[in-house]
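Data block below; observations after.
None of the figures in this text is laboratory data; all of them are computed from the coordinates on show. Nothing here was measured: the structure is a model prediction, and the numbers come from that model. No Cβ is skipped: glycine too gets one built from the backbone with ideal geometry, and neighbour counts run over all protein chains shown.
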Amino acid sequence: MPILENKTIRVTGMRCAHCKRAVESMVRKLSGVETVAADVDSGTVTVSYNAEQVDTEAIEGAIVGAGCDILG
Ligand SMILES: [Cu+2]
């Protein structure tokens, strides 16, 4: 059983449902990501992932690839 890590990342540039879907689909492509939920109102992306397969750098890279910037 992989040990799942949970992280909530604050982002800017996510303004509508289309942005939300773009972010979620980019992050979901990473192997090791179990779940991802982007929230437009709070500007956050909450990810559950297997830390043996993927790290926050890769996840943040996918978010940037979807057109958002990382706040932390
Ligand atoms: Cu949008």
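If you go through the range 22-63 and keep only what is among the charged types (D, E, K, R) and under 14 Å from Thr12 (Cβ atoms), you end up with Asp39, Asp41, Glu60. Considering the range 23-65, and only residues there that are under 10 Å from the mean Cα position of the chain (by Cα) and small (Gly, Ala, Ser), the residue that is farthest from Glu5 (Cα to Cα) turns out to be Ser25.
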